[in-house]
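Undergrad: Just dropping this structure here.
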Amino acid sequence: MSWLFLPIDTKGDSIMSIRNLIRLSVPALFGLAVGGAVLPASAQTSTVVIAPNAPPPPREESVPPPPSTTVTWEEGHWGWDGTTWVWHEGHYVQRPQPTAVWEPGHWAQEASGGYVWVDGHWRS
């Protein structure tokens, strides 16, 4: 079969096989690169936190003066770590656009009697 010629280098390895390996590796590496680029999007999903009882009353916080006019204060809130309530201090956050308003997160009681955390969000 003279029409099926595979060039051979001096070590006896098939150059055609190396070319095939490279040809097949490029799409595989591209797939990994694209898959890696997609992963951070899934990291943006929120975790559902359910507490067995209501959180303690909010703590009084001293709100410092804003560092700029493009930020808003995000109030502190109680978080459930699976065994006890922990306080998350308030802080300033950058507004995504000048007219955006922060809707704070809150604990909502479920029909089962537990409490679920509802994330805060921006609205325009």
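The values are calculated or read from the model by the stated rules, or taken from the named source; none is laboratory data. Everything numeric here is computed off the predicted structure, so don't read it as measured data. All Cβ positions, glycine included, derive from the backbone under ideal geometry; neighbour counts span all protein chains shown. Note: accessible area is taken over every heavy atom of the protein model, side chains too, but ligands, DNA and RNA are not part of it. Shrake-Rupley method; radii C 1.70, N 1.55, O 1.52, S 1.80 Å.
Undergrad: Would you mind classifying the stretch 55-124 by shape? Square roots of the alpha carbon gyration tensor eigenvalues, ordered a ≥ b ≥ c; an a/c under 1.5 is rounded, otherwise it is prolate if a/b is larger than b/c and oblate if not.
TA: The shape class here is oblate.
Undergrad: May I pose another question? Where only protein heavy atoms count, and the probe is 1.4 Å, what is the accessible area per residue for the stretch 73-121 in Å²?
TA: Computed with neighbouring chains in place, this is 62 Å² per residue.
Undergrad: Given 0.36 nm per residue, what is the gain on full extension from A108 to T70 after removing their alpha carbon distance, in nm?
TA: On the way: separation 38, 0.36 × 38 = 13.68 nm, distance 2.97 nm.
Here the answer is 10.7 nm.
Undergrad: Taking the Cβ-Cβ separation of V48 and T84 as r and a Förster radius of 22 Å, what is the calculated FRET efficiency to the nearest 0.05?
TA: So, using R0 = 22 Å, E works out to roughly 0.75.
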